[in-house]
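Read the structure below first, then the notes.
The values are calculated or read from the model by the stated rules, or taken from the named source; none is laboratory data. Since this is a predicted model, take the numbers as computed values, not measurements. No Cβ is skipped: glycine too gets one built from the backbone with ideal geometry, and neighbour counts run over all protein chains shown. Surface accessibility is based on the protein's heavy atoms, side chains included, excluding ligands, DNA and RNA. Shrake-Rupley method; radii C 1.70, N 1.55, O 1.52, S 1.80 Å.
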Amino acid sequence: MPIDVDKVVGAELPGDVTEWDETAVILYHLGVGAGVPPTDPGELQYTYESSPLKVLPSFGVIPVFRMLGGLVGLEGLSFNPMMLLHGEQDLVLHRPLPARAKVENTGKVAGVYDKGKGALVVVETETSDEGGEQLCTNRFSAFIRGEGGFGGEPGPGPGNEAPARQPDVVVESPTLPQQALLYRLSGDRNPLHVDPAMAQVAGFDRPILHGLCSFGIVCKAVVDGMLGGDVTSVVRYQARFAGVVFPGETIVTSMWREGDRVVVGAATGERGTPVITNAAVTVRES
């Protein structure tokens with residue numbers, strides 16, 4: 001069924017209140033590969049609440065993730081959820097994320113673009129603390145295969161092109177064969193990442209790692225490899241999901257420092273295929 005752009009754009013998603021504590025943060029960090037080696041002082045800052053505990057900026061996607069379910073059944077938007085792929089993610093941090101909080105989330109459909117073979121639906125969410133202060137803004141871009149061709153605008157082109165020089169820093173991040181089983185405990189229970197039969201329905205020969213797990217792994221690589229472990233220095237993290245990772249593969253993250261930005265690209269070490277492209281981390285001015 002064609003997308004009714006006039007009905008979908010601007011449509012509000014049901015609001016949501018959620019909270020987290022140190023246990024949820026540590027579980028998320030383990031899900032994106034923290035804790036190797038387990039006694040390293042830097043890794044303990046991600047995995048031991050007495051360190052004190054740091055919070056990766058990419059954790060900002062977790063409190064609002066379940067709101068995306070509001071797309072299913074939205075008036076003017078009818079699609080098979082198994083045809084949905086995560087296309088891009090843009091996370092803005094208004095303040096460093098705390099290790100525990102209770103927050104209110106709001107969201108709306110900010111745009112719908114015609115990509116020919118599919119539709120790109122952009123959901124914008126805001127997360128605020130109990131005092132009403134903004135913590136972070138997310139823009140989830142969902143690519144829905146087979147729903148394009150409705151004559152809409154194509155949307156903006158990709159940015160954050162990597163410089164034509166060797167990267168300043170390269171970090172290799174091995175994943176575990178059971179990485180998806182661990183990451184899903186932070187809230188994304190899509191069977192595509194667990195059930196071989198469901199993965200095949202979606203066109204994959206075996207379960208793939210969550211895109212937002214790769215997003216977090218790359219974030220950690222940048223924070224540790226380029227920013228000296230300073231999680232508070234990140235004010236924005238943009239990424240385009242360019243390919244899949246199979247659990248057990250290694251994600252190789254390349255970084256180029258360009259002023260107040262770190263331009264980022266990531267690929268699988270085993271197959272050399274892109275994972276995240278057109279990515280950048282904007283750093284807080286000192």
Checklist entry - Dimensions of segment 95-218 along principal axes (Cα, Å, largest first)? => result 43, 41, 40
Next on the checklist: Counting each pair of different Cα atoms once, what's the Kirkwood radius of segment 166-286 in Å, rounded to one decimal?
Outcome noted: 14.8 Å
Checklist entry - With a ≥ b ≥ c the root eigenvalues of the C-alpha gyration tensor of segment 136-194, is it rounded (a/c under 1.5), prolate (a/b larger than b/c) or oblate? => result oblate
Checklist entry - With the other protein chains left in place, how much accessible area per residue, in square angstrom, belongs to segment 138-233 at a 1.4 angstrom probe? => result 47 Å²
Checklist entry - For segment 201-249, what is the Kirkwood hydrodynamic radius in Å, using each pair of distinct C-alpha atoms? => result 12.5 Å
Checklist entry - One-quarter of the Cα convex hull surface for segment 59-138, in nm²? => result 5.9 nm²
Checklist entry - At q = 0.16, 0.23, 0.25, 0.27 Å⁻¹, what log₁₀ I(q)/I(0) does a Debye calculation on the Cα points of segment 223-266 give, no solvent, two decimals? => result -0.53, -0.97, -1.07, -1.15
Checklist entry - Carbon and sulfur together cover what percent of the accessible area of the chain at a 1.4 Å probe radius? => result 53 percent
Checklist entry - Where does helix 211-225 land angle-wise versus the long Cα axis of the chain, in degrees 0 to 90, nearest 10? => result 30 degrees
Item to check | Unit charges at the beta carbon, dipole of the chain: most positive-side option, H29, P196, F59 | outcome: P196
Checklist entry - Sorted by packing (mean other beta-carbon atoms within 10 Å per residue), highest first, where do 262-273, 197-208 land? => result 262-273, 197-208
Checklist entry - Hey, got the Cα dimensions of the chain along the principal axes, in Å, largest first? => result 54, 47, 40
Checklist entry - Mind ordering 117-126, 171-180 by average Cβ neighbours within 10 Å, highest first? => result 117-126, 171-180
Checklist entry - Which entries of K7/K54; K7/K115; K102/K220 show an alpha-carbon separation above 30 angstrom in the structure shown? => result K7/K54
Next on the checklist: Taking θ = phi - 60°, what integer Hz values does the Karplus form 6.51 cos²θ - 1.76 cosθ + 1.60 yield along segment 251-257, in sequence order, with x for Gly and Pro?
Outcome noted: 9, 9, 9, 10, 9, 10, 7
Checklist entry - Which percent of Cα-Cα pairs in segment 1-81 sits in each 5 Å bin, short to long? => result 3, 13, 19, 15, 11, 9, 10, 9, 7, 5, 2
Checklist outcome for this item: For the chain, the longest principal axis of the Cα atoms and the Cα long axis of helix 22-31 enclose an angle in degrees, to the nearest 10, of 80 degrees
Item to check | Loop-located chymotrypsin sites (Phe, Trp or Tyr not before Pro) in segment 219-279 whose Cβ has at most 13 other Cβ within 10 Å (DSSP) | outcome: none
